[in-house]
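These notes concern the structure reproduced below.
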Ligand code: AR6
């Protein structure tokens, strides 16, 4: 397989790729965490397009312009709120990564950067979330042509070391 998966520690709003993924909410209304950072850095054109789209169900993804961001596009996906683990959280989280990559493929985007979806305000346990993220991205990438590089952008050291462990970089 000729595809590249990499872990980066940093701020996703500064990454120059074809698309960064936003951990949004179903109303696409903006908020705190990475969502807030993306809208702040990208400016109002992103929210304008979110308003036109309206909403996005948990586990699905939509795409907008990237405004002033170095990334060309923003893929907004809605992670599950952690509710103990028996509320379909794992399937929904896997779906976020899969649907985001399928959307990137549809738009012929080559390089995509993900934040650690659901592991902030939505409370998903970080290790379990990272396992799902890595596994789903590896599986999905096998069936895609245009998407070639995926970056997991970790904001905190804990996520960075968890991802490096799962990807066998240690
Ligand atoms: N770059 C990369 N990662 C970041 C950044 C950044 N600039 N800022 C935070 N993170 P969260 P969620 C990490 O809470 O859990 C919002 O209000 C953060 O450390 O942003 O999916 C939305 O509007 C964490 O590891 O997203 C929703 O209502 C990860 O991003 C809700 O929060 C995700 O944390 C979504 O919650």
Checklist entry - Can you name the condition, by its number, that residue 38 falls short on among (1) more than 9 Å from the ligand (Cβ to nearest atom); (2) outside any loop (DSSP other than H, G, I, E, B); (3) crowded, with 21+ Cβ neighbours inside 10 Å? => result (1)
Checklist entry - Which residue, of 13, 58, is farther than 24 Å from residue 135 by Cβ and either loosely packed, with under 15 Cβ neighbours inside 10 Å or in contact with a helix residue (DSSP H, G or I) (Cβ under 6 Å, 6 or more places away or on another chain) (or both)? => result 13
Next on the checklist: Step by step: first the residues of segment 83-93, then only those that are within 14 Å of the ligand (Cβ to nearest atom) and in a helix (DSSP H, G or I), then the one that is surrounded by the most Cβ atoms within 10 Å (Cβ to Cβ). Which residue is that?
Outcome noted: 93
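Just a yes or no: is a residue in segment 147-161 in a loop (DSSP other than H, G, I, E, B) and either away from the ligand (no atom under 15 Å from the Cβ) or over 23 Å from residue 25 (Cβ atoms) (or both)? Break it down into steps so the answer makes sense when it comes.
Let us first name the residues in segment 147-161 that are in a loop (DSSP other than H, G, I, E, B), namely 147-148, 155-156.
Subset that is either away from the ligand (no atom under 15 Å from the Cβ) or over 23 Å from residue 25 (Cβ atoms) (or both): 147-148.
Among the residues of segment 147-161, at least one is in a loop (DSSP other than H, G, I, E, B) and either away from the ligand (no atom under 15 Å from the Cβ) or over 23 Å from residue 25 (Cβ atoms) (or both), which makes the answer yes.
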Item to check | Residues (part of a loop (DSSP other than H, G, I, E, B) and within 15 Å of residue 151 (Cα to Cα)) located in segment 17-35 | outcome: 17, 18
Next on the checklist: Looking only at residues that are within 13 Å of the ligand (Cβ to nearest atom) and within 15 Å of residue 117 (Cα to Cα) in segment 62-82, which one is farthest from the chain's Cα centre (by Cα)?
Outcome noted: 82
Checklist entry - Got a sec? Which of 96, 56 is within 21 Å of residue 143 (Cα to Cα), modelled with pLDDT of 95 or more and either within 13 Å of the chain's Cα centre (by Cα) or within 12 Å of the ligand (Cβ to nearest atom) (or both)? => result 96
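Pick from segment 125-143 the residues that are closer than 15 Å to residue 99 by Cα and without any contact (Cβ under 8 Å) to a residue 60 or more places away in the chain: which of them is farthest from the ligand (Cβ to nearest atom)? Steps first, answer last, please.
First pass over segment 125-143, keeping only residues closer than 15 Å to residue 99 by Cα: 132-143.
Those still in the list that are without any contact (Cβ under 8 Å) to a residue 60 or more places away in the chain too: 132-133, 135-136, 139-140, 143.
On the way: 132: 13, 133: 11, 135: 18, 136: 15, 139: 21, 140: 19, 143: 25 Å.
Across segment 125-143, the extreme among qualifying residues is 143.
The values are calculated or read from the model by the stated rules, or taken from the named source; none is laboratory data. Here the structure is a predicted model, which means the values were calculated and not measured. Reconstructed Cβ throughout: ideal geometry from the backbone, glycine too, with neighbour counts over all protein chains shown.
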